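These notes concern the structure reproduced below.
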Amino acid sequence: MTAPTVQKAGARFGAHRVLEPRGVLPQPARRIENSFETAWDNEIVVDVETLNIDAASFKQMEDAAGGDPAGVVGLVRKTIDERGKQHNPVTNSGGMLLGVVRSVGSAVAPDRAPPIGARVATLASLSLTPLRIDSFGEVRKASAQIDVRGRAVIADGAPFALLPQDLPERLSLAVLDVAGAPIQVARRARPGDSVVILGAGGKSGILCAVQARKSVGPTGRVIGVESYGKYADDLRALSVCDAVIAHDATDALGMYEAVLAANGGREVDLAVCCVNVEGVELSTILPVRDGGCAYFFSMSTSFTRCALGAEGVGKDVELVIGNGYARGHADWSLDVVRSDARLRSLFEERYG
Ligand code: NAP
């Protein structure tokens, strides 16, 4: 089906959907319009099949619901009813979705317009995506995915990816959720560098560990920190880390000592935070050498804890917020999976 012929002119970046407060863009908005009665000329409308909830958000809702999947669904439903988008009011994060293109507005640039019926994953957060859900299906805890029937908008300028043919869709969705992470490691880690990754056994953490190994080469060191025993074992089995530390990353002093011990007594060049819990800012910053970089991919990161914490311990390190978008990040992250048969089979088992 193509777009209805009568279309209203949409504002840049989807601003016409904002209900309150007026004047902001959809991400910081409290509430956005999620009805589909009006056709806007700069929107791509998709029929939604699966939500991939952000890991920090899923964990927060799971904890709030006492581990009950129906409770998580109830919280998602409430958030979308109240806000017109899956913008978790506690973690402030979203996730992304898998859907089928239903219509493409007349003002969408031809080089951006996907074919009607194409299967796509959104690469912009659910915290800014107009979303209506008609029914909920299976909840998959391991991948934080929820099957649904609903409708959503890819707003003007928001990135998305066509799902590749050579990988299982659920696996691609899981990888694309964290596509921003491995490419940032590739941009920062140099041959011979030492890199520590916190939450290294999780989805983004493993991708970062595999990327770090490629980037630092045989003379560098890759150290993974993972508190969940099974995921630590999975990471060891990939043989990309020089050391895997089964440690609680919220223990800043213990982490500092453990990381230095794993790095010949030296501080590291780069630390990447990929955990799904709060309170690891200083554990990320402390082991980094002066002039090095602490990269915060985690959505549970506090800007103030980073800035003031680094100041308080006199650490002159670059603190970087993990931008979910980087040019070419989708293909890059999928290529990381394609490049390593053991990683691919682990991810197929976990998320496929
Ligand atoms: P994930 O698969 O759940 O991985 C997180 C890992 O951290 C899990 O293995 C988890 O273990 C581990 N962990 C939890 N608490 C820990 C602790 N105290 N010490 C050491 N390890 C601990 O999550 P993900 O999908 O990779 O996402 C990671 C983070 O990136 C989340 O905060 C997510 O919100 C964020 N994210 C950011 C962006 C962005 O654009 N910047 C995009 C997507 C996601 P358990 O399995 O035991 O919990």
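The values are calculated or read from the model by the stated rules, or taken from the named source; none is laboratory data. On a predicted model such as this, the values are computed, not experimentally measured, just so you know. Heads up, the Cβs are rebuilt from the backbone with ideal geometry, glycines too, and the neighbour counts pull from every protein chain shown. Side chains included, ligands, DNA and RNA excluded: accessible areas come from the protein's heavy atoms. Shrake-Rupley method; radii C 1.70, N 1.55, O 1.52, S 1.80 Å.
Per-residue ellipticity at 222 nm for the chain, helices alone: DSSP H runs ≥ 4 residues times -39500 (n - 2.57), over residue total, nearest 500 deg cm²/dmol?
On the way: 11 runs with 114 residues, N = 352.
The helix contribution divided over the chain gives -9500 deg cm²/dmol.
Once the Cβ-Cβ distance between Lys214 and Glu169 is put in as r, and R0 is 22 Å, what FRET efficiency do you end up with, to the nearest 0.05?
Numbers: r = 26 Å, r/R0 = 1.17.
Step by step, r from the Cβ atoms, then E = 0.30.
For Ile245, enumerate residues with amide H under 5 Å from its amide H, sequence gap 5+ or separate chain, H modeled in the peptide plane.
Gly224, Val225, Glu226
Can you give me the distance in nm between label points at Asp134 and Asp81, each placed 7 Å from the Cα along the Cα-to-Cβ direction?
1.9 nm
Rounded to the nearest whole Å², what accessible area per residue is found for segment 13-71 with the 1.4 Å probe? Don't skip to the answer; put the middle values down first.
Working: 2620 Å² over 59 residues.
In whole numbers, segment 13-71 has 44 Å² accessible per residue.
Between Arg190 and Ala237, how high is the FRET efficiency from 1/(1 + (r/R0)^6) when r is the Cβ-Cβ distance and R₀ = 30 Å? Nearest 0.05.
Numbers: r = 27 Å, r/R0 = 0.89.
It comes out at approximately 0.65.
Once you have a ≥ b ≥ c as the square roots of the Cα gyration tensor eigenvalues for segment 179-309, tell me rounded if a/c is under 1.5, and otherwise prolate or oblate according to whether a/b is larger than b/c.
Numbers: a/c = 1.26, a/b = 1.16, b/c = 1.09.
Because its axes are fairly even, with a/c under 1.5, segment 179-309 counts as rounded.
How much accessible area per residue does segment 243-352 have, counting only protein heavy atoms and a probe of 1.4 Å, in square angstrom? Spell out each step's value before the answer.
Details: 5120 Å² over 110 residues.
Using a 1.4 Å probe on heavy atoms only, each residue of segment 243-352 averages 47 Å².
Around Val268, which amide H atoms from residues at least 5 apart in sequence, or from another chain, sit under 5 Å from its own amide H, with H modelled in the peptide plane?
Val288, Arg289
Taking Cα atoms, how many degrees apart are the long axis of helix 252-262 and the longest axis of the chain, rounded to 10 and kept between 0 and 90?
Once rounded, the angle reads 60 degrees.
Leaving out ligands, DNA and RNA, what percent of the accessible area of the chain is carbon and sulfur, probe 1.4 Å? Let's see the in-between values first.
Working: 7750 of 14900 Å².
Carbon and sulfur: 52 percent of the exposed surface of the chain.
For a Förster distance of 35 Å, can you work out the FRET efficiency between the beta-carbons of Lys8 and Arg149, rounded to the nearest 0.05? Walk me through the intermediate numbers first.
Values: r = 26 Å, r/R0 = 0.74.
E(calc), rounded to 0.05, equals 0.85.
So how much slack lies between Asp316 and Val24, counting 0.36 nm per residue of separation and subtracting their Cα-Cα distance, in nm? Don't skip to the end; give the middle numbers.
On the way: separation 292, 0.36 × 292 = 105.12 nm, distance 3.41 nm.
Contour length minus the Cα-Cα distance gives 101.7 nm.
Work out how much length Ala109 to Ala65 would gain on full extension: take 0.36 nm times their residue separation and subtract the Cα-Cα distance, in nm to one decimal. Show your work: numbers first, answer last.
Numbers: separation 44, 0.36 × 44 = 15.84 nm, distance 4.27 nm.
Taking 0.36 nm per residue and subtracting the Cα distance, the gain is 11.6 nm.
Once you order the gyration tensor axes a ≥ b ≥ c over the Cα atoms, which shape class does segment 78-176 get: rounded for a/c under 1.5, otherwise prolate or oblate by comparing a/b with b/c? Don't skip to the answer; put the middle values down first.
Details: a/c = 1.74, a/b = 1.22, b/c = 1.42.
Here segment 78-176 falls in the oblate category.
If the reach is capped at under 12 angstrom between alpha carbons, list the aspartates and glutamates near Lys8, excluding any in the same chain fewer than eight residues apart.
By straight Cα distance, Lys8 reaches Glu37, Asp41, Glu43.
Roughly speaking, what is the stretch gain from Thr304 to Asn92, that is 0.36 nm per residue apart minus the C-alpha to C-alpha distance, in nm to one decimal?
Numbers: separation 212, 0.36 × 212 = 76.32 nm, distance 1.56 nm.
Taking 0.36 nm per residue and subtracting the Cα distance, the gain is 74.8 nm.
Could you tell me whether segment 136-182 comes out rounded, prolate or oblate from its Cα gyration tensor? Rule is a ≥ b ≥ c as square roots of the eigenvalues, rounded for a/c under 1.5, then prolate if a/b exceeds b/c, otherwise oblate. Kindly include the intermediate steps, with their values, before the conclusion.
Values: a/c = 1.63, a/b = 1.11, b/c = 1.47.
The shape class here is oblate.
How much net charge surrounds His247 when only other residues with a Cβ under 10 Å from its Cβ are counted (Lys, Arg +1; Asp, Glu -1)? If you can, show how the numbers build up before the last one.
Values: positive: none; negative: Glu226, Asp248, Asp251, Glu257.
That works out to -4.
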